[in-house]
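S.K.: Structure below; questions to follow.
The values are calculated or read from the model by the stated rules, or taken from the named source; none is laboratory data. Computed from a prediction, not measured in an experiment: that's the story for all the values here. So basically every Cβ, Gly included, is an ideal-geometry build from the backbone, and we count neighbours across all protein chains shown. Please note that ligands, DNA and RNA were not included when accessible areas were found on the heavy atoms of the full protein model with its side chains. Shrake-Rupley method; radii C 1.70, N 1.55, O 1.52, S 1.80 Å.
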Amino acid sequence: MSAAARRAAVGAWLAALALAATHALAQITVEEVPPQRQLDVPYVPTRQAVVEEMLKLAGVSANDVVYDLGCGDGRIVVTAARQHGARGVGIDIDPERISEAKYIANRVGVGDRVTFLVGDLFEADIREATVVTLYLLPEVNRRLKPKLLRELAPGTRVVSHDFAMGRDWPPERTVRLGRDTIYLWTIPPQRAARPSANHEVRTR
């Protein structure tokens, strides 16, 4: 993607986000019944440059199904669909965030390629995913790790913003983008397989 096209894409995203913030989100109906428990992670949106680097690190293409667990306003899934042609599913326990994500996806023209669900990421069916993206917390990642290894197909890529999975599952690659860190893992062909050694790359 050229620099001009990239600026245009990011500009459209920011415009849609501004519209979402100023319009009444009550226009969007969330059919799912929200789970009755506290949030595991506070909502902190990922910078767009980090979103794009996460998808680049995972090698996302039109053949992928990207699941974002704790998707917030949906920017990772929307970007995967818009810039890479992927299909995507975003899951978040907060119905307000899901309403916002649906609104933005429709505004930027990818509503037919993405799905947003109110739900508990620990109970979600993620077996369809070929890429999983995360921006959670260290303890939440560690609790989620057994589910990822159990349910995801071998070869599925897992990308996390800022937080790793613990010493017993080191990342295959680590990319630093300014003050942000991105980690990549691949689900091994055998659950007992030893993960690859970590290779760190500095991009800025």
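S.K.: So which strands (runs of 3 or more DSSP E) are wholly in the stretch 37-136 and hold at least 1 residues that are among the basic types (Lys, Arg)?
M.R.: 87-92
S.K.: Within the stretch 79-99, which residues are within 20 Å of GLU52 (Cα to Cα), open to solvent by 10 Å² or more (accessible area, probe 1.4 Å) and touching a residue at least 40 places away in the same chain (Cβ under 8 Å)?
M.R.: ARG82, GLN83, VAL89 - these are the residues of the stretch 79-99 that are within 20 Å of GLU52 (Cα to Cα), open to solvent by 10 Å² or more (accessible area, probe 1.4 Å) and touching a residue at least 40 places away in the same chain (Cβ under 8 Å).
S.K.: Given the conditions (1) more than 15 Å from the chain's Cα centre (by Cα); (2) touching a residue at least 40 places away in the same chain (Cβ under 8 Å), and given that VAL114 satisfies all but one, which numbered condition is not satisfied?
M.R.: Exception for VAL114: condition (1).
S.K.: If VAL175 satisfies all but one of (1) under 15 Å from the mean Cα position of the chain (by Cα); (2) under 16 Å from LEU55 (Cα atoms); (3) open to solvent by less than 40 Å² (accessible area, probe 1.4 Å); (4) not hydroxyl-bearing (Ser, Thr, Tyr), what's the number of the condition it fails?
M.R.: (1)
S.K.: Still on this structure, please answer the following. Filter the stretch 127-142 down to residues that are surrounded by fewer than 16 Cβ atoms within 10 Å (Cβ to Cβ) and within 17 Å of the chain's Cα centre (by Cα) and give me whichever is farthest from HIS84 (Cα to Cα).
M.R.: PRO138
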